[in-house]
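Worksheet: the structure to be examined is printed underneath.
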Amino acid sequence: MDGIDISLVKTNGCNLIRLNKNYFHQYSTKTKEDMIKILKEDITFNLKRKKLLDDFVTYEHYLALKDLDIVKVCDLIGFHGQTIYHSAEESISVQLGNPKKLAEMLNKNVVFDFRSNDIVSGGQGAPLAPIYHKFIIEKLNLDLPSCIINIGGISNLTYWDGEELIGFDTGPGNSLMDDYSLHMFNKDFDQDGIFASKGIPIKEEVKKFLELDYFKRQPPKSLDRMSFKYLYKKLLKKKYSIYDTMATLSEFTSASIVASLNILPKKVSNIIITGGGYKNLHLMQMLRNKLKLNFLDEKQLGIEFDYLEAELIAYLSARSIYKLPFTFPLTTGVLKPLSGGKLYECS
C-alpha cells in the first residue's frame, strides 16, 4: 500500500531480460489513507462504489507512468491493480483498476485480470508468482529443491524440485506487524524489526495461532490480507506490553513460514526471501536461526528484490499473450495448467 512498482523488461513469457529501468511511484499521504480506508470497507458487491475506486487506482497508475520514457518504447503494460478482497472459500478475488481506461490514457495495450480464469475453472486464483519464481530458480542454476518466499502483506512460498512446482500462502507476512506499527507507533512499518526485537513473544499466543485450521491444511491454499484480523483484535484486547505484542506478531510470521517449509515434499537446499519482510533484520535473523538453510540475498544474486513483483506481472502478461499457462494444480488447485489474463487494446 505504499506505492506502485514499475519495471521495463524484455520477455516472451519463457525468458526475461532485465533492462535495469525500475521506478517507484510513492503514494501521497492522502492516497495512502484512502487506500487503507478501501481495505476496511465491505465494497465487494457495491458496483457503483467499485467503479469510483477503479478510476481512482487507475489514475494513480497513470500518474506513475505518464512522464516515463519507458512507456514510449514498451509494447505492452501488465496492470495487476490493487487487490482489496480475496477469498478462496467463496471463489472471489477483487482487484481495483480500469484497464480499458489506462490503455486509452497511455495509448498502449494493457493486460489485466490475471486471476478470474483460474477461479472460474476451479482454482483459487492465487498465488500467481510460482511460475516466475521457477524461472528465477532455473536461471540462477540453483541446487534443487529450492524455495522462494515473498514476505509481502501476506507471505507466499514457491517450491521447485525439478518435477513438482508447489505454491501457497504461508501466513500473515508483514500485514499484522504493519497494522500494529501504525496503530501504536505511528510508523508505517517496524524499521529493521527494532520494536519486535525489544519484546518477547507470548508463547501461548503463538501456539494458538499455529493451531488454526489453515496451517493444518495441505496446499494449494491462499489467504486475504484480512484473514487473521480477528486474531489480531483478540491479541490487542489482552493488553500485553507493546513490544511483546510486536514480538508476538513477528513470531506469527516466522513460525508460519517454518511450519510451511515442514510440509514440503523434500528439504530445500537454498532459500531466497524477498518482499518487504526481507528488510526486517529481526525477522530475517529469526528465520536464519530457525531454518539453518543456505539463504541467498540480492547482492549474491544480482537481483533487485524490490521489483520482482513488477517483473512477475510483465512475465505473466507475456504468457497471457502467448497463451502459456501460469496457474497449475499444485499452485492454485486448478484442474490443469491454465493461462489467463485479458488484453485491452488501445483504441
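The values are calculated or read from the model by the stated rules, or taken from the named source; none is laboratory data. Just so it is clear, the model here is predicted, and its values are computed rather than measured. Every residue, glycine as well, gets a Cβ built from its backbone with ideal geometry; the counts of neighbours run over all protein chains shown. Remember, those area values only see protein heavy atoms, side chains included, never the ligands or the DNA or RNA. Shrake-Rupley method; radii C 1.70, N 1.55, O 1.52, S 1.80 Å.
General remarks:
- Matching residues in the stretch 82-138 - criterion: being crowded, with 21+ Cβ neighbours inside 10 Å and small (Gly, Ala, Ser): Ala88, Ser93, Gly97, Ala103, Gly123, Gly125, Ala126, Ala129
- Top-ranked residue in the stretch 296-308 [being surrounded by fewer than 19 Cβ atoms within 10 Å (Cβ to Cβ) and of a type outside the set (Asp, Glu); ranked as nearest to Arg115 (Cα to Cα)]: Phe305
- For the stretch 118-137, a residue qualifies if it is assigned to a helix (DSSP H, G or I) and either modelled with pLDDT under 95 or closer than 20 Å to Tyr85 by Cβ (or both), and the qualifying residues are Asp118, Ile119, Val120.
- Single residue of the stretch 77-98 satisfying the filter (aliphatic (A, V, I, L, M) and closer than 20 Å to His61 by Cα) that is modelled with the highest pLDDT: Ile77
- Test: Phe185 is in contact with a Phe, Trp or Tyr (Cβ under 8 Å, 6 or more places away or on another chain) and more than 25 Å from Pro127 (Cβ to Cβ): yes
- Screening Ile257 on (1) free of Cβ contacts under 8 Å to residues at least 24 places away in the same chain; (2) under 20 Å from Ile202 (Cα atoms) shows it passes everything except condition (1).
- Any hit, the stretch 294-309, residues being under 30 Å from Tyr230 (Cβ atoms) and hydrophobic (A, V, I, L, M, F, W, C): no
- Any hit, the stretch 201-223, residues being open to solvent by less than 10 Å² (accessible area, probe 1.4 Å) and in contact (Cβ under 8 Å) with a residue 60 or more places away in the chain: yes
- Scanning the stretch 239-290 for residues that are closer than 22 Å to Leu223 by Cβ, of a type in the set (Lys, Arg) and over 17 Å from the mean Cα position of the chain (by Cα) yields a single hit, Lys290.
- Filtered residues of the stretch 309-340 (kept if in a loop (DSSP other than H, G, I, E, B), in contact with a helix residue (DSSP H, G or I) (Cβ under 7 Å, 6 or more places away or on another chain) and either of a type in the set (Lys, Arg) or open to solvent by less than 20 Å² (accessible area, probe 1.4 Å) (or both)): Phe326, Thr331, Thr332, Val334, Gly340
- Selection status of Glu164, open to solvent by 10 Å² or more (accessible area, probe 1.4 Å), modelled with pLDDT of 95 or more, within 28 Å of Val334 (Cβ to Cβ) and acidic (Asp, Glu): yes
- Exclusive hit being touching a Pro at 6+ places or on another chain (Cβ under 7 Å), of a type outside the set (S, T, N, Q) and either over 23 Å from Leu283 (Cα atoms) or touching a residue at least 40 places away in the same chain (Cβ under 8 Å) (or both), set Tyr132, Tyr159: Tyr159
- Residues of the stretch 1-39 that turn out to be in contact (Cβ under 8 Å) with a residue 24 or more places away in the chain, among the β-branched types (Val, Ile, Thr) and under 13 Å from Ala314 (Cβ atoms), as a count: 3
- Where a residue in the stretch 260-287 is in contact (Cβ under 8 Å) with a residue 60 or more places away in the chain and part of a helix (DSSP H, G or I) and its partner, wherever it lies, is open to solvent by 30 Å² or more (accessible area, probe 1.4 Å) and small (Gly, Ala, Ser), with Cβ under 8 Å and at least six apart: His282/Ser197
- Pairs where the first residue, in the stretch 93-107, is in a helix (DSSP H, G or I) and the second is polar (S, T, N, Q) and buried (at least 17 other Cβ atoms within 10 Å of the Cβ), C-beta under 7 Å, 6+ apart: Lys101/Thr58; Leu102/Thr58; Ala103/Asn109
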